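Throughout, read-outs are computed from the coordinates displayed, never taken from laboratory work. This is a predicted model, so every value here is computed, not measured. With ideal geometry, Cβ positions are generated from the backbone for all residues, glycine too; neighbour counts draw on all protein chains shown.
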Amino acid sequence: MTNRNTLIQLKAVSKTYGNLCALKSTTLDIPTGKTTVLIGQSGCGKSTLLRLIIRLITPTTGSITFEGNPLTEQNITTIRHRIGYVIQDGGLFPHLTARDNVTILARHLKHTKSDINRRLDELRELTPLPAHCLDRHPTQLSGGQRQRVALMRALFLDPDLLLLDEPLGALDPIIRSELQTDLRDIFLRLSKTVCMVTHDLSEAAYFADKIVLLQDGKIVQQGIFNDLLDRPADPFVTRFVNAQRGAISPSGATL
Amino acid sequence: MRTTHHQKVSRHGITNAAITTLAIATLAIQCHAADVSSEPVKIGSKTFTESVILGEIAAAMIESTGTRAIHRAEFGGTQILFQALKTDEIDLYPEYTGTITHEIFAGQNLKSLDDIDAALAKQNIKMTRPLGFNNTYALGMTRQRSSELGINTISDLKNHPDLRFGFSNEFLDRDDGWPALKKSYNLPQLNVAGLEHALAYRALQSGALDVMDLYTTDAEIAYYDLHALTDDRDHFPEYYAVYLYRTDLETRDSQAVTAISRLATTIDNPTMTALNARAKLDRVPEAIVANDFLNQTLDIEANRAVESRTAQIWRNTKEHLFLVSTSTFAAILVAIPIGVIASKRRKLGQALLAIVGILQTIPSLALLVLLMPILAAIGLRSVGDTPAIIALFVYSLLPIVRNTHAGLVGIPAPLRESADALGLSPMATLFQIELPLAARSILAGVKIAAVVNVGFATLGALIAAGGYGQPILTGIRLNDHTLILQGAIPAAMLAILTQTTFDILERFIVPAAPHK
């Protein structure tokens with residue numbers, strides 16, 4: 001059912017490659033203004049789900065709506081302009097400076113220079129990124145700086161939806177925790193609709209308003225984080241939670 | 001994120017490369033265009049010394065009437081010259097009656113000069129009266145060997161089936177050549193090899209051959225003390241030298257026609273042999289040989305200039321640059337779009353790559369020869385620059401198409417998807433993201449094409465396109481190693497220079513990221 005509180009809706013969406021089923025028939029709502037976290041082991045279908053939403057791949061069956069409108073080949077470019085997408089290694093273009101990476105779409109859409117510069121300053125303060133980094137190429141930036149630039153690029157047109165595919169996955173722990181804090185502050189300040197993929201339970205717990213656990217291409221359980229702990233829908237949920245808890249049990253602080 | 005050095009590419013890369021290539025091409029075209037300003041008489045000659053001397057003599061005669069003459073020496077073989085005459089590429093060239101009857105009009109059984117005149121008239125071509133000498137074929141042996149075996153006539157060869165024969169390739173093929181000779185004399189020899197005429201003399205001298213074909217005015221006959229065997233069955237036709245010219249030259253420049261017609265009956269066999277000897281054995285430039293002959297025989301003040309070595313090298317350089325730059329530039333314009341299409345449509349891409357791959361495998365000489373009738377049929381010049389440039393263009397396609405395709409296909413999926421996810425238009429994605437990322441690979445393809453072209457363009461001399469191949473061919477003809485090097489060294493240097501230029505260009509297009 002479509003309503004004002006749901007930005008993206010997947011109805012019976014599946015994706016198969018030949019004999020390989022990447023996502024079994026899945027129905028899911030992404031609530032407006034909330035952070036939804038997709039979690040699960042490698043190959044569980046969480047990235048597939050994200051890529052379906054921005055139509056880098058098309059569903060084998062089922063339909064996906066954005067504000068109630070089905071995604072089509074015709075409307076996807078316009079809809080993509082309203083979606084920010086960040087992947088694990090940032091996906092920055094190595095031949096462009098950070099500035100050109102961030103502004104490429106706005107320049108393509110012929111935004112004025114002053115608008116672009118104003119937005120650039122806003123985002124640099126928001127993310128935050130030191131000014132001198134803007135004129136560097138991606139290779140001359142640290143991993144954390146690259147992800148901040150990628151986030152600036154994703155946010156440039158003030159999109160309605162942010163899709164983040166393991167955005168912190170490639171960072172070392174200290175940078176990662178720094179960026180986690182900054183990211184959550186940003187999401188809260190902008191009250192954006194965010195859909196994020198991670199395999200890290202503590203990260204999911206830190207960000208999620210709604211958490212969706214996937215296994216073998218299907219959703220095992222969705223709800224708030226405590227539901228996974230207190231009302232596991234399946235023995236796998238408990239196994240998954242315990243495995244991750246075990247890994248960080250000496251302090252146990254984040255859980 | 002991980003980035004390899006290969007991916008640091010300026011977005012201006014492609015444009016820079018294109019502009020540079022365009023600039024070189026324009027320069028070359030301008031240099032080239034300067035060569036043909038007024039309306040001179042264009043003379044061609046075959047790729048052996050006698051023909052070059054006759055070309056110079058005609059040029060000197062015409063210049064003595066005040067008209068400019070351009071002699072494109074060593075233009076090519078009979079077919080190429082006759083084709084060039086028909087298509088107005090040249091106005092006249094020296095030919096032999098036997099070649100006209102047995103090669104150009106083979107099978108038409110032309111007997112007399114009148115027959116030849118009539119056949120030529122149908123092609124709008126005229127012929128002067130014979131210049132005097134008869135340069136027919138003969139079979140020759142060293143005098144020592146022939147007296148040892150007691151051979152005086154061609155018939156005498158029948159008793160020596162083990163003799164080793166070495167003939168020029170043309171003689172092996174033509175209808176009055178070896179096959180007919182063998183038949184009319186019933187010769188038994190089986191050991192018959194084809195080789196370059198100039199090399200056959202040396203093979204005969206060293207004893208590697210027993211019998212070779214001779215032209216009766218060859219300077220080497222006297223020089224090597226050869227015995228020209230008597231043609232006791234009158235097998236060989238007469239090869240009187242004449243000039244063939246376009247009928248329209250009479251209306252365009254009647255003085256020029258009068259001038260070359262004056263040369264009839266002025267050169268007898270000993271004279272031609274002496275002229276050949278001066279050019280070939282004494283290494284006197286053909287222009288000087290022609291000047292002196294006209295001065296002494298016809299009392300004409302002839303001033304054919306001998307091109308200085310520097311001028312020759314400079315001219316060859318311009319010609320070579322023109323061939324390489326136009327063909328490479330045209331290939332860039334065509335091959336990059338093909339590479340782009342090939343990378344976007346997988347099935348079509350495989351077909352396109354296969355086609356340019358097949359084109360690449362056509363042997364270069366075969367391609368040049370195959371192109372001639374096709375070009376003539378569509379009204380383009382079938383000799384000279386045009387076929388050479390087209391052949392070079394065809395060979396340049398594969399490396400550029402393949403590298404463009406590989407460069408585009410090799411872009412990491414996350415980058416391609418990031419471009420898609422942004423919602424850029426396909427054109428913007430191509431020009432702002434994909435082509436710059438593939439620039440290094442594309443440039444490498446262009447570099448391969450250009451460097452290979454520099455070497456391959458030397459073959460252009462075979463079809464009168466000039467370039468560094470010209471002195472190499474002349475050097476082989478005159479057995480002059482200096483001349484061969486005069487073509488080979490600049491060609492090698494140009495190849496290295498091209499390579500270096502692209503290496504430097506690459507540094508600008510693919511800049512190394514400065515340190516943090």
Once Lys and Arg are counted +1 and Asp and Glu -1 for all other residues with Cβ under 10 Å from that of A:Lys24, the total becomes +1
How about the range B:110-176: which trypsin sites (Lys or Arg not before Pro) there lie in a loop by DSSP and see at most 11 other Cβ atoms within 10 Å?
B:Lys111, B:Lys122
Sorted by Cβ density within 10 Å, fewest first, the residues B:Arg262, A:Arg124:
B:Arg262, A:Arg124
Placed amide H near A:Leu162: partners under 5 Å, 5+ positions off or other chain
A:Gly84, A:Thr193, A:Val194, A:Cys195
Simple SL model, points at 7 angstrom along Cα→Cβ for A:Asp115 and B:Ser184; separation in nm is 9.1 nm
Going through the range B:217-284, which GluC sites (Glu not before Pro) have at most 13 other Cβ atoms within 10 Å and a DSSP loop state?
B:Glu238
Please report B:Ile336, B:Ile358 as a ranked list, fewest other C-beta atoms within 10 angstrom at the top and most at the bottom.
B:Ile358, B:Ile336
Which percent, to the nearest 5, of DSSP beta bridges fully inside the range B:137-228 are antiparallel?
60 percent
With a point put 7 Å past each Cα toward its Cβ, work out how far B:Arg143 is from A:Asn69 in nm, to one decimal.
10.2 nm
Rough spin-label spacing in nm, given labels placed 7 Å along Cα→Cβ, for A:Ala131 and A:Ala12:
5.7 nm
State the antiparallel share, in %, of DSSP beta bridges confined to the protein assembly as shown, rounding to the nearest 5.
55 percent
Among the GluC sites (Glu not before Pro) within the range A:43-148, which fall in a DSSP loop and have no more than 14 other Cβ atoms within 10 Å of their own Cβ?
A:Glu73
Potential lengthening between B:Ile355 and B:Tyr223 on full extension [0.36 nm per residue; Cα-Cα distance subtracted]
42.2 nm
With 26 Å as the limit, write out which pairs from B:Lys111/B:Lys183; A:Lys110/A:Lys210; B:Lys42/B:Lys280 have Cα-Cα distances beyond it, or answer none.
A:Lys110/A:Lys210
Under 20 Å from the Cα of A:Lys15 - aspartates and glutamates, other chains or at least 8 residues apart:
A:Asp29, A:Glu73, A:Asp165, A:Asp216, B:Glu417, B:Asp420
Phi angles of the range A:94-102, converted by Karplus (6.51 cos²θ - 1.76 cosθ + 1.60, θ = phi - 60°) into ³J(HN,Hα) in whole Hz with x for Gly and Pro, give x, 8, 10, 6, 4, 4, 5, 4, 5
Taking a straight Cα-to-Cα line shorter than 20 Å from B:Lys182, and setting aside same-chain lysines fewer than 8 residues away, one finds B:Lys158
Contour minus Cα-Cα distance for B:Gln108 and B:Glu238 (0.36 nm per residue):
45.2 nm
Sort A:Thr6, A:Thr58 by Cβ crowding within 10 Å, fewest neighbours at the top.
A:Thr58, A:Thr6
Show that you can apply the helix-only estimate: for chain B, add -39,500 (n - 2.57) for every DSSP H stretch of four or more residues, divide by all residues, and state [θ] at 222 nm to the nearest 500.
-18000 deg cm²/dmol
Eligible lysines near B:Lys447 by straight Cα distance, threshold 24 Å, same-chain separation 8 or greater:
B:Lys8, B:Lys318, B:Lys344
Charge tally in the Cβ shell below 14 Å around A:Ile116, where Lys, Arg are +1 and Asp, Glu are -1, A:Ile116 excluded
+3
Quick one: net charge around A:Pro59, please, counting Lys, Arg +1 and Asp, Glu -1 for every other residue with C-beta under 14 Å from its C-beta.
+4
Full-extension gain between B:Thr251 and B:Thr310, please, as 0.36 nm times their residue separation minus the C-alpha to C-alpha distance.
17.5 nm
Which helices of chain B meet both criteria: a Cα extent of 24 Å or more along the helical axis and a mean Kyte-Doolittle score no lower than -0.5, with helices taken as whole DSSP H segments?
B:13-33, B:309-344, B:385-409, B:435-456, B:481-509
Between the range B:68-85 and the range A:46-104, the alpha-carbon center distance in angstrom
65 Å
